[in-house]
Amino acid sequence: MEHELNVLTAQAMAVVRQALPSFELRTWSVHRVSELNPRLRGNPEWDWPVLIMRFTVGDQGFDASTTLEEFGQWPEIVEAALEAVQEAVQHDRSLGLPSNWPECPLHPGTHPMEPFADGETITWGCPNRR
Ligand SMILES: [Zn+2]
C-alpha cells in the first residue's frame, strides 16, 4: 500500500504541476475524524476517514483537508487530494489564478477540469466526459 501511495503521490504531483509548476506536496496523511478530536473518540458516528495535507505553491504554504468515503482506496485518495488542492488554490486570490483553475482546455472561459481515477492512473479532464 505504501509503495502504491508513493507512486500515486508522484502521479498527483505530476498532474498538478502541469497546471501549476511551483506546486510541492509536502505531507499527507489519512486519519479518522474521531482520532483528531478527543471529544469524538470512540464515537462510531465520527469514524469516517479524512485526508490532511500540506502543500506549497511557490513560497506560500497551504493546509487542506477533505473527507473520504473509505479507508485505503488509494485512487480515491489521490482524486480527493487533487480536489483539495484545486479548492484551496481557487479560493486564494493572492495566487492570481482564475476561479475556474485549472481551466478546461476544451471549454475555455467556463468550468475547471476535474480529477479522474482510471485504474491506477489519475488525470485531470473535462467534467463533461464523465
Ligand atoms: Zn470541459
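Computed from the coordinates by the stated procedures, all read-outs in this text should not be read as laboratory data. Predicted model, so just to flag it, every value in this text is computed and none were measured. So basically every Cβ, Gly included, is an ideal-geometry build from the backbone, and we count neighbours across all protein chains shown.
Taking the condition within 16 Å of the ligand (Cβ to nearest atom) and in contact (Cβ under 8 Å) with a residue 12 or more places away in the chain, does Pro102 pass? Spell out how you get there, then give the answer.
On the way: within 16 Å of the ligand (Cβ to nearest atom): yes; in contact (Cβ under 8 Å) with a residue 12 or more places away in the chain: yes.
So Pro102 passes the test.
Could you list all residues from the stretch 31-53 that are among the β-branched types (Val, Ile, Thr) and either over 23 Å from Gln90 (Cβ atoms) or outside any strand (DSSP E or B) (or both)?
Let us first name the residues in the stretch 31-53 that are among the β-branched types (Val, Ile, Thr), namely 33, 50, 52.
Within the stretch 31-53, just Val33 meets the criteria.
Between residues in the stretch 79-91 that are over 14 Å from Thr27 (Cα atoms) and residues that are of a type in the set (D, E, K, R), which pairs lie under 8 Å by C-beta distance while being six or more apart or on different chains?
Glu83/Glu114
From Thr66, Thr27, Thr56, Thr9, grab the single residue that is closer than 21 Å to Gly125 by Cβ and part of a strand (DSSP E or B). Working first, answer last.
Working: Thr27 fails: closer than 21 Å to Gly125 by Cβ; Thr56 fails: closer than 21 Å to Gly125 by Cβ; Thr9 fails: part of a strand (DSSP E or B).
Checking each option against the conditions leaves just Thr66.
Quick check on my filter: what residues within the stretch 111-130 are more than 16 Å from the ligand (Cβ to nearest atom) and touching a residue at least 60 places away in the same chain (Cβ under 8 Å)?
Glu120, Thr121, Ile122, listed by residue number.
Can you name every residue in the stretch 70-93 that is of a type in the set (S, T, N, Q) and more than 15 Å from Phe23 (Cα to Cα)?
As a first pass, look at the stretch 70-93 and keep what is of a type in the set (S, T, N, Q): 73, 86, 90.
If the condition is that a residue be of a type in the set (S, T, N, Q) and more than 15 Å from Phe23 (Cα to Cα), then Gln73 is the only one that fits.
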